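Colleague: One structure is given below, represented as structure tokens, and several questions about it will come after.
The values are calculated or read from the model by the stated rules, or taken from the named source; none is laboratory data. All values derive from a computational prediction rather than experimental measurement. Backbone-built Cβ (ideal geometry, glycine too); neighbour counts: all protein chains shown.
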Amino acid sequence: MFKLSPKLSQKIFYALLFMATLLVITPAAIIIYIIIKNGASAITWEFLTSMPKDGMRGGGIFPAIVGTLCIVLCAISLTLPIGVCAAIYLNEYAKDNLLTRIIKLAIVNLAGVPSVVYGLFGLGIFVMFMNFGVSIIAGALTLSIMELPVIITTARGALSGVPHSFREASMSLGVSRWQTIRHIVLPNALPGILTGAILSIARISGETAPILFTAAAFYVPHMPTSIYDQVMALPYHLYIISTQIPNMPKNIIFGTALVLLMMVLSMSLIAIVARIYFRKTRKW
Amino acid sequence: MKRKIIDFIIEKIIFLCGVLSIVFVVLIFCFLLKEGVSFFKDYDVFKFVFGKLWYPSSEPAQFGILALIVGSIYVTAGACLIAVPLGVAAALYISEIAPAGVRDVLKSCVELMAAVPSVVIGFVGMATLVPFVRELFDIPTGLTAFSGSIMLAFMAMPTIVTISEDAIRSVPWSYKEGALALGATRWQTIRRIVLKAAMPGIIAAIMLGIGRVIGETMAVMMITGNAAHIPSSIFEPVRTMTATIAAEMGETVRGGMHYKSLFAIGLVLFVITFSVNFIADLILGKKKRK
Amino acid sequence: MVKIMEKIDKIKVENLSCFYGGKLALEALNINVVKNEILTIIGPANSGKTSFLRTLNRMNDFDANYARKGAVYLDDENIFYMNPEKLRKRVGMLFAMPIPLPMSIYENIVYAPKRLGLVSKKSDMDDIVKEALQEASLWNEVKDRLNSSAMKMSGGQQQRLCIARILAIKPEVILFDEPSSGLDPISTAKVEESMIELKKKYTIVLVTNNVKQASRVGDRTAFFLMGKLIEVGKTGEIFVSPKEKQTGDYITGRFG
């Protein structure tokens with residue numbers, strides 16, 4: 001049989017791998033391009049700041065943007081402190097015992113639970129059992145539990161990046177463990193924790209399934225006044241106008257998708273760039 | 001003294017937060033179980049899992065999820081066929097071949113991909129891929145398992161690439177050095193040594209990718225056509241378990257049979273993803289302990 | 001009758017054994033450290049000397065595999081019954097590699113006094129910084145750049161900064177764990193100088209790989225081998241006429 005020389009086969013396979021990488025990356029570029037091309041014309045100041053009109057077929061998406069911001073900010077302010085504390089426990093206090101292993105297993109599995117199952121859970125416990133109704137708080141609680149494993153994992157990464165020797169130096173001076181964490185470990189892990197938090201905000205801004213039955217409303221004619229209000233949400237709005245409303249003008253759908261995409265991507269990009277920057281300027 | 005007490009309280013709070021994840025997993029499971037069990041009191045488990053008919057609102061109602069399970073399997077298998085080879089190949093390229101500068105850019109791109117919301121992917125798929133598939137294969141509708149697989153493959157790839165890339169990069173340099181010193185080319189080294197050593201990590205990556213695809217909801221609901229029947233080919237509409245929950249929860253009577261049946265589907269999904277993640281974690285954990 | 005300054009034991013070690021993961025690292029050690037002396041501990045790798053040192057301020061407590069038996073008395077108080085944080089305030093430790101904290105020189109020194117609640121006024125802090133840096137013979141080199149990052153100093157300066165950081169909490173004993181293993185000869189000489197200066201006020205235990213360093217700065221020297229104390233005595237005597245053959249072999253470089 002004809003056999004390729006090692007040199008040549010290396011070249012061929014490198015080319016194949018390169019093409020595979022292109023195939024992974026380019027669809028993303030194409031999706032972004034399609035959305036920008038078709039949606040850019042819809043983006044006006046008016047579109048971003050006015051209420052929908054004519055059964056969503058006209059007007060803007062202001063309440064959906066506000067609703068998403070409310071849910072997301074609420075969710076991250078619940079999940080960030082809890083997640084960081086859990087990461088501190090795992091990274092700084094936990095001994096290698098059964099409890100720790102169970103906690104780690106629980107985190108892995110929380111991360112794997114489908115988002116729609118979180119939606120079911122949120123509906124059952126927050127909307128019905130705790131009687132919050134379909135509301136910002138119910139949606140935010142649901143999202144915060146969903147995002148908890150991600151926050152814990154990134155925060156742990158940031159904490160374990162702080163050299164062990166700093167902790168030793170601090171504690172050898174008689175400083176307690178918590179004081180060491182508070183004044184040495186946390187400040188140095190903060191950039192990593194914050195970039196992780198921004199990535200999480202980006203991710204939950206785009207989540208639809210968990211808020212489907214817990215927070216999002218088809219149409220609300222006024223701005224939310226309390227955390228017990230239903231709100232419109234950007235991803236849910238996009239779902240509604242692209243599947244449920246006949247004769248929807250294309251550019252409004254694409255415009256909505258563009259706003260959502262830009263919100264998510266710009267936050268992610270900021271986080272990624274910030275992370276690279278912090279890595280380069282790190283003091284140790 | 002006051003400082004001591006504050007320290008003590010804070011450390012207790014930290015511990016509680018650490019344990020909270022267990023509480024949540026147990027809570028989610030119990031909640032699904034509670035509704036699921038009360039459903040199975042009135043509806044046979046066997047009929048539920050292996051029943052072919054899903055007519056939740058007819059008289060008498062039929063709650064057979066076999067078609068939904070098959071739908072999920074079709075879409076997941078299709079997505080894996082596309083995402084696994086491409087994802088692993090891209091991970092190899094990024095970690096072993098690409099120059100350092102290019103590598104950082106590519107990794108950032110993959111991370112950005114992971115951030116694209118599933119509803120956006122679903123919408124773009126609906127607007128572009130679905131009509132394209134319909135015309136290309138000359139079929140009555142482009143809302144098929146095939147279209148769903150393509151879009152889902154796209155969503156599984158960031159997971160597969162990132163975790164495989166980690167696994168490949170953590171192969172000790174000495175392994176490669178040994179092979180290279182014996183005169184093997186870089187590609188031979190990658191194929192025979194690196195790939196083999198990184199295999200457990202790559203398998204775990206694939207499983208986590210599968211977990212992500214099974215659980216994916218919005219894009220699937222928008223692209224696969226949502227017909228609850230057992231398809232004869234991938235060019236027919238299918239309906240997945242996740243899409244069923246998302247699409248029907250809004251129209252159920254709270255506390256009714258239909259409502260409970262959706263929680264039962266949730267329970268099935270939870271058990272599947274729990275097992276997938278558990279096994280993936282075992283594989284990853286074993287590798288780390290070595 | 002003129003009373004000669006009595007030699008007081010600062011630290012007394014009774015039957016101390018240490019284990020790592022069940023393996024014996026230090027066996028039934030009995031030794032004392034006299035107030036205001038430099039006790040140097042020499043010995044090859046795995047001789048248990050670092051385990052011993054880290055036991056003295058209980059830095060080993062963080063290692064889950066570590067276990068110990070016996071007692072160590074600091075001024076007649078068993079350190080294993082003391083609050084470890086209080087103990088570490090009294091018994092400071094200098095590590096093999098300099099570990100400046102990622103903050104300014106000034107912040108490095110006031111860090112521990114602030115956390116321990118020893119100072120709160122800015123003027124007091126300024127005094128502490130100046131005093132500690134002077135005592136560690138670093139003041140003249142850095143007095144104009146107290147607010148620059150400690151990470152930018154040279155290795156030798158960093159190690160003396162770490163000494164100053166310990167002095168700022170006014171300890172009674174200072175443990176040196178091979179403090180010059182990462183330093184060049186000139187920096188080493190400076191660290192040794194400050195050690196000799198420091199013993200006027202503090203009691204010092206120095207673990208070193210460098211036999212010559214022990215002969216230069218030690219008042220007494222102890223030789224550890226495979227977890228056992230082989231012998232301890234006046235540095236001059238140990239180096240000139242060791243009682244045990246193993247000690248002589250190690251000192252003359254025949255093994256280790």
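Colleague: For C:I166, which of the numbered conditions (1) in a loop (DSSP other than H, G, I, E, B); (2) out of contact with any helix residue (DSSP H, G or I) (no Cβ under 6 Å at 6 or more places or on another chain); (3) of a type in the set (V, I, T) fails to hold?
Modeller: Failed condition: (1).
Colleague: If you don't mind, another one. List every residue pair whose Cβ atoms lie under 6 Å apart, where the two residues are 6 or more positions apart in sequence or sit on different chains, the first residue falls within segment A:253-280 and is at pLDDT below 90 and in a helix (DSSP H, G or I), and the second residue, located anywhere, is surrounded by fewer than 20 Cβ atoms within 10 Å (Cβ to Cβ) and not basic (K, R).
Modeller: So the pair list comes out as A:F278/A:P191.
Colleague: Would you check if A:R203 is touching a helix residue (DSSP H, G or I) at 6+ places or on another chain (Cβ under 7 Å), assigned to a helix (DSSP H, G or I) and within 14 Å of chain B (Cβ to nearest Cβ)?
Modeller: Criteria met by A:R203.
Colleague: Another question, if that's okay. Within segment A:138-160, identify whether any single residue is in contact with a strand residue (DSSP E or B) (Cβ under 8 Å, 6 or more places away or on another chain) and over 22 Å from C:L116 (Cβ atoms), and answer yes or no.
Modeller: Taking every residue of segment A:138-160 in turn, at least one turns out to be in contact with a strand residue (DSSP E or B) (Cβ under 8 Å, 6 or more places away or on another chain) and over 22 Å from C:L116 (Cβ atoms).
Colleague: From C:P179, C:P171, C:P100, C:P84, which residue is more than 21 Å from C:E193 (Cα to Cα) and buried (at least 16 other Cβ atoms within 10 Å of the Cβ)?
Modeller: C:P84
This table checks each residue for (1) closer than 21 Å to C:K190 by Cα; (2) buried (at least 21 other Cβ atoms within 10 Å of the Cβ); (3) modelled with pLDDT under 95.
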residue: C:D124; (1), (2), (3): no, no, yes
residue: C:A136; (1), (2), (3): yes, yes, yes
residue: C:N140; (1), (2), (3): yes, no, yes
residue: C:K152; (1), (2), (3): yes, no, yes
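Colleague: Go through segment B:123-150 and give me each residue that's out of contact with any helix residue (DSSP H, G or I) (no Cβ under 9 Å at 6 or more places or on another chain) and aliphatic (A, V, I, L, M).
Modeller: B:L136
Colleague: Among (1) surrounded by fewer than 19 Cβ atoms within 10 Å (Cβ to Cβ); (2) touching a His at 6+ places or on another chain (Cβ under 8 Å), where does A:I61 come up short?
Modeller: All conditions pass for A:I61, except number (1).
Colleague: Which of (1) within 20 Å of C:K199 (Cβ to Cβ); (2) surrounded by fewer than 21 Cβ atoms within 10 Å (Cβ to Cβ); (3) under 17 Å from the mean Cα position of the chain (by Cα) does C:E131 not meet, given it meets every other one?
Modeller: The failed condition is (3).
Colleague: Being more than 7 Å from chain B (Cβ to nearest Cβ) and either closer than 13 Å to A:A215 by Cα or buried (at least 24 other Cβ atoms within 10 Å of the Cβ) (or both) is the filter here; which residues of segment A:97-118 pass it?
Modeller: A:Y118
Colleague: Look at segment A:1-50 and say how many of its residues are in contact with a Phe, Trp or Tyr (Cβ under 6 Å, 6 or more places away or on another chain) and more than 10 Å from chain B (Cβ to nearest Cβ).
Modeller: 3
Colleague: Does at least one position in segment B:252-261 carry a residue that is at pLDDT below 95, under 14 Å from B:V49 (Cβ atoms) and either among the aromatic types (F, W, Y) or surrounded by 24 or more Cβ atoms within 10 Å (Cβ to Cβ) (or both)?
Modeller: yes
Colleague: OK, next. Taking interchain pairs and intrachain pairs at least six residues apart, which have beta carbon atoms under 6 angstrom, with the first residue in segment C:158-172 and more than 11 Å from C:V129 (Cα to Cα) and the second of a type in the set (K, R)?
Modeller: C:P171/C:R90; C:E172/C:R90
Colleague: Still on this structure, I have one more. Where residues in segment C:22-38 are in contact (Cβ under 8 Å) with a residue 24 or more places away in the chain and either touching a Gly at 6+ places or on another chain (Cβ under 7 Å) or among the basic types (K, R) (or both), which of them is surrounded by the fewest Cβ atoms within 10 Å (Cβ to Cβ)?
Modeller: Top of the filtered list is C:L24.
Colleague: Then there is this: So A:V162 ticks every box in (1) surrounded by fewer than 18 Cβ atoms within 10 Å (Cβ to Cβ); (2) at pLDDT below 95; (3) farther than 29 Å from B:K34 by Cα but one. Which box is left unticked?
Modeller: For A:V162, the exception is condition (1).
Colleague: Would segment B:188-202 turn up any residue that is farther than 25 Å from B:G285 by Cα, assigned by TED's automatic domain parsing to the domain that holds B:G87, touching a Gly at 6+ places or on another chain (Cβ under 6 Å) and of a type outside the set (A, V, I, L, M)?
Modeller: No, segment B:188-202 contains no residue that is farther than 25 Å from B:G285 by Cα, assigned by TED's automatic domain parsing to the domain that holds B:G87, touching a Gly at 6+ places or on another chain (Cβ under 6 Å) and of a type outside the set (A, V, I, L, M).
Colleague: Can you give me the number of residues within segment B:242-264 that are assigned to a helix (DSSP H, G or I) and within 9 Å of chain A (Cβ to nearest Cβ)?
Modeller: Summing the residues that are assigned to a helix (DSSP H, G or I) and within 9 Å of chain A (Cβ to nearest Cβ) in segment B:242-264 gives 8.
Colleague: Also, I was wondering about something else. Within segment A:229-249, is even one residue within 30 Å of A:I82 (Cα to Cα), within 23 Å of the chain's Cα centre (by Cα), away from chain B (no Cβ under 13 Å) and of a type in the set (V, I, T)?
Modeller: There is at least one residue in segment A:229-249 that is within 30 Å of A:I82 (Cα to Cα), within 23 Å of the chain's Cα centre (by Cα), away from chain B (no Cβ under 13 Å) and of a type in the set (V, I, T).
Colleague: Can you tell me which residues in segment B:133-151 are away from chain A (no Cβ under 12 Å) and not in a loop (DSSP other than H, G, I, E, B)?
Modeller: Those that are away from chain A (no Cβ under 12 Å) and not in a loop (DSSP other than H, G, I, E, B): B:V133, B:R134, B:E135, B:L136, B:F137, B:A145, B:F146, B:S147, B:G148, B:S149.
Colleague: Sticking with this structure for a sec: Could you pull out the residue among A:S268, A:S165, A:S176 that is under 30 Å from C:V91 (Cβ atoms), touching a helix residue (DSSP H, G or I) at 6+ places or on another chain (Cβ under 8 Å) and within 7 Å of another protein chain (Cβ to nearest Cβ)?
Modeller: Testing whether each residue is under 30 Å from C:V91 (Cβ atoms), touching a helix residue (DSSP H, G or I) at 6+ places or on another chain (Cβ under 8 Å) and within 7 Å of another protein chain (Cβ to nearest Cβ) leaves just A:S176.
Colleague: Which strands (runs of 3 or more DSSP E) does segment C:32-151 wholly contain that include 1 or more residues that are on the phi > 0 side of the Ramachandran plot?
Modeller: The strands (runs of 3 or more DSSP E) meeting that bar are C:66-74.
Colleague: Looking at (1) within 11 Å of another protein chain (Cβ to nearest Cβ); (2) farther than 17 Å from A:G112 by Cα, find the lone condition where B:R239 falls short.
Modeller: Checking B:R239 against (1) within 11 Å of another protein chain (Cβ to nearest Cβ); (2) farther than 17 Å from A:G112 by Cα, the one that fails is (1).
Colleague: Still on this structure, I have one more. Do we have A:M262 as more than 16 Å from A:F132 (Cβ to Cβ) and touching a helix residue (DSSP H, G or I) at 6+ places or on another chain (Cβ under 8 Å) here?
Modeller: no
Colleague: Follow-up question, since we're still on this one. Return the residue satisfying two criteria in turn: it lies in segment C:160-175 and is facing chain A (nearest Cβ under 9 Å) and among the β-branched types (V, I, T), and of such residues it is nearest to C:N60 (Cα to Cα).
Modeller: The residue in question is C:I166.
Colleague: Follow-up question, since we're still on this one. Please give the helices (runs of 4 or more DSSP H) falling wholly within segment B:1-109 in which 3 or more residues are at pLDDT 90 or above, closer than 30 Å to B:K196 by Cα and within 13 Å of chain A (Cβ to nearest Cβ).
Modeller: B:66-92
Colleague: Collect the residues in segment A:167-197 that are in contact (Cβ under 8 Å) with a residue 24 or more places away in the chain and crowded, with 20+ Cβ neighbours inside 10 Å, keeping them in residue-number order.
Modeller: Matches in segment A:167-197: A:I181, A:V185, A:N188, A:A189, A:G192, A:I193, A:T195, A:G196, A:A197.
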